[in-house]
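The values are calculated or read from the model by the stated rules, or taken from the named source; none is laboratory data. Keep in mind it's a predicted model, so treat the numbers as computed, not measured. Methodologically, a virtual Cβ is constructed for each residue, glycine included, from the backbone with ideal geometry; neighbour enumeration extends over all protein chains shown.
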Amino acid sequence: MANPSLLILPGDGIGPEVMAEVRRVIDWFGANKNLTFDVSEDLVGGVAYDKHGTPLTDETMARAQKVDAVLLGAVGGPAYDNLDFSVKPERGLLRLRKEMDLFSNLRPAQCFDALADFSSLKKEIVAGLDIMIVRELTSGVYFGEPRGIHKEGNERVGINTQRYTESEIARVARSAFELARKRSNKVCSMEKANVMESGILWRDVVQEIHDAEYPDVELSHMYADNGAMQLVRAPKQFDVIVTDNLFGDVLSDCAAMLTGSLGMLPSASLGLPMANGRPKAMYEPVHGSAPDITGQGKANPIACILSFAMALRYSFDEGAYADLLEGAVEKVLADGARTADLMGPDGGTPISTTEMGDAILAALDAA
Ligand code: NAD
Ligand code: IPM
Ligand code: MN
């Protein structure tokens, strides 16, 4: 059988720096576990704009549609902030998500024991935390029409539209319930049904799917603003959280800090099954291109490496290897390896992006 295929899109800023460490991990699996991927690489974001005048060419889009999984680093940066909206780096990422129909974005937030002291919250609030945010990724206010900036009389008006169909809500709800069954069997759905009609529909449809298909799963509903507060107050009350595109974006950055750093949080964006049974999929860290630390060897590669672990689990049915890789990350953290973002209030000497990669490879060797 042919090797599974991976398209790597390192992107901008620290994207290539953290992806370089993932390449080493991929090579390690080839050399040590006979798990070899056909890896190709291409441009997305600002670097694609620089070369082609667009953040994602049609050719790259077509390649992404054909491979078994896409790994993406990060896009964006100050050099591109004043570009026309239609060619901003972020549009490349949004096009990939939309055209691959990656509606279910899994953003786990797990607090490794070794980092419980590094969270901005008290240790007992975050120690042992393991939650999964399921963010709807292809609809809502990110894509709804009408949108734009136009003139009304003497002033400009900016418009975006929050729009959800029943089927869009139903499919991401199913994805959350399925995941919950493999975890603690508990889902909390977040919206603002108190002020938004799309929130009322969201709540109704999630409840209907629950009652008809997943009555065994414990379901609760919460307004998203309260959800943000509860995430900081008592995050361990949650297991799976399902929410829309924009609330999911904000709540997942919030959850990231519970784990100690944004540089720790991976994600999987999943769509419908392809002909070979694997879901359409893209894996990327939750963080962005971190222009403030680009080129300094300071970036934490763990979010990107753990995103590859999610690829092993969700695209390639290699859960044992995903466990192995996650275990190696846990081990190096327990041994005290820290990139600059993981320096606690007491300081210490940080290691570089590459040294963190070295440590994880050494832990894989030793496992
Ligand atoms: P950011 O995530 O890039 O950075 C926020 C803060 O977290 C910065 O201080 C940064 O140094 C730090 N940080 C992020 N990742 C880190 C890592 N791996 N290791 C150590 N520290 C890390 O968010 P931002 O500054 O709001 O956005 C910068 C650019 O990235 C913008 O153009 C934005 O649109 C883009 N962005 C892209 C993605 C993506 O590609 N998926 C996600 C978020 C933001
Ligand atoms: C994320 C990012 C993206 C989003 C941007 C870069 C388009 O913030 O993946 O969390 O808003 O979805
Ligand atoms: Mn975000």
Subset of region 48-77, residues part of a loop (DSSP other than H, G, I, E, B) and farther than 25 Å from Gly148 by Cα, comes to Val67, Asp68
Total residues in region 287-296, condition within 11 Å of ligand 1 (Cβ to nearest atom), out of contact with any Asp or Glu (no Cβ under 7 Å at 6 or more places or on another chain) and either in a loop (DSSP other than H, G, I, E, B) or within 22 Å of Glu136 (Cα to Cα) (or both): 5
Of the listed residues (Leu71, Leu93, Leu137, Leu121), the one being surrounded by 22 or more Cβ atoms within 10 Å (Cβ to Cβ), of a type outside the set (Gly, Ala, Ser) and more than 15 Å from ligand 3 (Cβ to nearest atom) is Leu71
Can you spot a residue in region 327-345 that is away from ligand 3 (no atom under 16 Å from the Cβ), outside the structural domain of Ser167 (by TED's automatic domain parsing) and more than 23 Å from Lys122 (Cα to Cα)? yes
All but one of (1) within 16 Å of ligand 2 (Cβ to nearest atom); (2) under 15 Å from the mean Cα position of the chain (by Cα) hold for Ala290; which doesn't? (2)
Condition first: surrounded by 19 or more Cβ atoms within 10 Å (Cβ to Cβ) and in a strand (DSSP E or B). Now tell me which residues in region 1-47 satisfy that. Leu6, Leu7, Ile8, Leu9, Pro10, Gly11
Confirm whether Val75 is within 14 Å of ligand 2 (Cβ to nearest atom), in the same structural domain as Gly295 (by TED's automatic domain parsing), touching a residue at least 40 places away in the same chain (Cβ under 8 Å) and under 17 Å from Ile8 (Cβ atoms). yes
Any idea how many residues of region 124-134 are surrounded by fewer than 22 Cβ atoms within 10 Å (Cβ to Cβ), of a type in the set (A, V, I, L, M) and more than 19 Å from the chain's Cα centre (by Cα)? 2
In region 38-77, what count of residues is obtained for those that are away from ligand 1 (no atom under 15 Å from the Cβ) and of a type in the set (A, V, I, L, M, F, W, C)? 5
Where in region 78-158 are the strands (runs of 3 or more DSSP E), entirely inside, with at least 1 residues that are within 16 Å of ligand 1 (Cβ to nearest atom) and polar (S, T, N, Q)? 104-110
Quick one: Glu99 ticks every box in (1) buried (at least 19 other Cβ atoms within 10 Å of the Cβ); (2) closer than 19 Å to Ser5 by Cβ except a single one, so which number is it? (1)
Just checking, how many residues over region 93-133 are out of contact with any strand residue (DSSP E or B) (no Cβ under 8 Å at 6 or more places or on another chain) and within 13 Å of ligand 2 (Cβ to nearest atom)? 3
Looking only at residues in region 241-266 that are β-branched (Val, Ile, Thr) and more than 14 Å from ligand 1 (Cβ to nearest atom), which one is farthest from Ser104 (Cα to Cα)? Ile241
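Here's the yes/no breakdown for (1) touching a Phe, Trp or Tyr at 6+ places or on another chain (Cβ under 6 Å); (2) assigned by TED's automatic domain parsing to the domain that holds Glu17; (3) under 22 Å from Ala173 (Cα atoms):
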site: Ala79; (1), (2), (3): no, yes, no
site: Leu83; (1), (2), (3): no, yes, no
site: Pro89; (1), (2), (3): yes, yes, no
site: Arg97; (1), (2), (3): no, yes, yes
site: Lys123; (1), (2), (3): no, no, no
site: Ile133; (1), (2), (3): no, no, yes
site: Gly153; (1), (2), (3): no, no, no
site: Asn160; (1), (2), (3): no, no, no
Just wondering, is there one or more residues in region 167-183 that are in contact with a strand residue (DSSP E or B) (Cβ under 6 Å, 6 or more places away or on another chain), within 18 Å of Asp249 (Cβ to Cβ) and not aliphatic (A, V, I, L, M)? yes
